[in-house]
Amino acid sequence: RRTRVGRQAIYDAERHVAAYEMLFHAGASGGEEVAGEQATSQLIATTFGTFGLEAIADGRPVFINFTRAFLTGVIPIPVEPENVVVELVDTLAVDHELLLGLRTLKDAGYRLALKGYRGEAAHGVLIDLADFVAIDVAGITGPALSEAVAQARSGGATLLATDIENAATLNSCVALGFELFQGSHLQRPSVLEGRTLSPLQLVCVRLLNSLGDPDVPIESIEQMVGSDPGLTLRLLRTANSASHGLAAEIASLHQFAQLTLLTDIP
């Protein structure tokens, strides 16, 4: 199966790549947007499993949009704090549960980025927690932009200007004091594509690794095979074939495992 993950570079004032924002794509021909916890989990698995952080970001931090379940601790974030910046979208409902979860993440060493900030009073409390504040400079201009910059700066956050479409906007953002920059003028989002193993292929790979270890208990092998119903049925069908000449039908993996140990069935 082909898996795609999008990324867009974030630059510093010297036009050096400082970080990457990760964007999820699925499918072999452009992909469809997948919403919610499933998309976030799949993005993490693809970024850190299929490709690897070094291949994607070359040691730079990655910005990932986490849903509320991750932010409140319902689902743990399976990434070390030094490797990731946790993005907070502007549509989040700010309540006690969210703030408690964000403070817990901060205490664990995670950095937070408030994305799409427009100066809303409701998100003022997040300014104090955010390490980065991203402002869409194409969606807010003039005095409103200057006010949003001033409010974001009051919390000591690093300012990120997003959706920069031309050189004039970039220069204005530099003059306003932004430290990080992102947009099509600097780099359009790119897509990395890789092949991921199917669940059956993953089971087979694990089996091959385990079978090469003489100390692996038979219960572990039984559990791995049993994790794939199709593989289980094929194995039992093979074991019960006439070529093995068994007197009684094998009805379970446990029975097969025990018989294998006693009779050396391949």
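The values are calculated or read from the model by the stated rules, or taken from the named source; none is laboratory data. What you see is a predicted model; the values in this text were computed from it and never measured. Cβ coordinates were reconstructed from backbone atoms using ideal geometry, including for glycine residues, and neighbour counts include every protein chain displayed. Side chains included, ligands, DNA and RNA excluded: accessible areas come from the protein's heavy atoms. Shrake-Rupley method; radii C 1.70, N 1.55, O 1.52, S 1.80 Å.
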Can you say whether Val203 is touching a helix residue (DSSP H, G or I) at 6+ places or on another chain (Cβ under 9 Å), among the β-branched types (Val, Ile, Thr), at pLDDT 90 or above and open to solvent by less than 50 Å² (accessible area, probe 1.4 Å), as far as the supplied structure shows?
no
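Being in a loop (DSSP other than H, G, I, E, B) and of a type in the set (A, V, I, L, M, F, W, C) is the filter here, so list the residues in segment 140-169 that pass it. It would help to see each step written out before you state the result.
Initial filter on segment 140-169 (in a loop (DSSP other than H, G, I, E, B)): 140-141, 155-157, 163-166.
Selection gives Ile140, Ala157, Ile164.
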Looking for something open to solvent by 30 Å² or more (accessible area, probe 1.4 Å), over 24 Å from the mean Cα position of the chain (by Cα) and under 15 Å from Phe178 (Cα atoms) - is there at least one such residue anywhere in segment 125-133?
no
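Given the residues Ala28, Ala9, which is the only one that is at pLDDT below 75 and not in a helix (DSSP H, G or I)?
On the way: Ala9 fails: at pLDDT below 75.
Sole residue among the options that is at pLDDT below 75 and not in a helix (DSSP H, G or I): Ala28.
Could you look through segment 78-88, keep only residues that are at pLDDT below 85 and open to solvent by 20 Å² or more (accessible area, probe 1.4 Å), and pick out the one that is farthest from Arg111 (Cα to Cα)?
We begin by selecting, within segment 78-88, every residue at pLDDT below 85; these are 78-80, 83.
Next, only the ones that are open to solvent by 20 Å² or more (accessible area, probe 1.4 Å) stay: 78, 80, 83.
Working: Pro78: 15, Glu80: 11, Asn83: 10 Å.
Checking each candidate, the answer is Pro78.
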From (1) assigned to a strand (DSSP E or B); (2) at pLDDT 80 or above; (3) buried (at least 19 other Cβ atoms within 10 Å of the Cβ), pick out the condition that doesn't hold for Phe70.
(1)
